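See structure below.
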Amino acid sequence: MTEWYRNTEWSDEIAAEFERRIERSRTQKAQHLSLQGYHLIRNHPDVARDLLTRAVEIGDVHETVRARSFLALANLALGQVEQALDTYEVALEQQLEQPNFIAVQPVDYLFLVGWFRRVERLEVALPISEALPDEGVFGPDPQLDAAKALVFDLARRADDAAKYAARALPQLEGIPDVSALGIDIAELRDRLTALST
């Protein structure tokens, strides 16, 4: 049975049971709101956004950054790109205050800046792009390479964009569908192919 704070569907009955349990929660209210919100992003992004906003408002030092990163995804799923990017920026700033606690991946922010062609965000995105190592913890990372390619393209750094696009393309096989967040993998391949030549 699914834990009461990991429902992927939502109804009046589920909501009532969740609220009953969250009211009784003493120490993990923000975490339960955050996790429930995350699990609803794909099917019920509006509900997810509300729950994640509540999680952030609690101000739990151990949960707020993660809740904000999930809130960014909920905003994105609702088509609110600017709110998603704003939320990511705040989460990344807060994460700097807790260097031993990683809840937000800067590459997620970079990818969205590049994907949605937000040139006005380059002041924040470009230094992050330059600071991130070329490989993730587990080796080559297609999202990282694609994000760098797209951001460097926005910055009119054609050679860097081509280099990272060429690195990303062979890694894109088997990438999960993220169309619910407005990202089409076939379109990503086409954009990277154009940059790599």
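No value in this document is a laboratory result; all are computed from the given coordinates. What you are looking at is a predicted structure, and each value in this text was computed from that prediction instead of being measured. All Cβ positions, glycine included, derive from the backbone under ideal geometry; neighbour counts span all protein chains shown.
Pairs only if they're at least six apart or on different chains, beta carbon under 8 angstrom, first in segment 84-109 and more than 23 Å from residue 135 (Cβ to Cβ), second loosely packed, with under 14 Cβ neighbours inside 10 Å; list them, first residue then second.
98/61
I'd like to verify a number: residues in segment 84-106 that are within 12 Å of the chain's Cα centre (by Cα) and more than 19 Å from residue 29 (Cβ to Cβ), how many? Quick ask: steps written out before the conclusion?
In the first step, residues of segment 84-106 are kept if they are within 12 Å of the chain's Cα centre (by Cα); the result is 84-89, 91-92, 103-106.
Adding the requirement that they be more than 19 Å from residue 29 (Cβ to Cβ) leaves 84-89, 91-92, 104-106.
Residues flagged as within 12 Å of the chain's Cα centre (by Cα) and more than 19 Å from residue 29 (Cβ to Cβ) within segment 84-106 amount to 11.
So is residue 95 within 22 Å of residue 38 (Cα to Cα) and in contact with a helix residue (DSSP H, G or I) (Cβ under 7 Å, 6 or more places away or on another chain) or not? Give the derivation first.
Numbers: within 22 Å of residue 38 (Cα to Cα): yes; in contact with a helix residue (DSSP H, G or I) (Cβ under 7 Å, 6 or more places away or on another chain): yes.
Judged against the criteria, residue 95 is a match.
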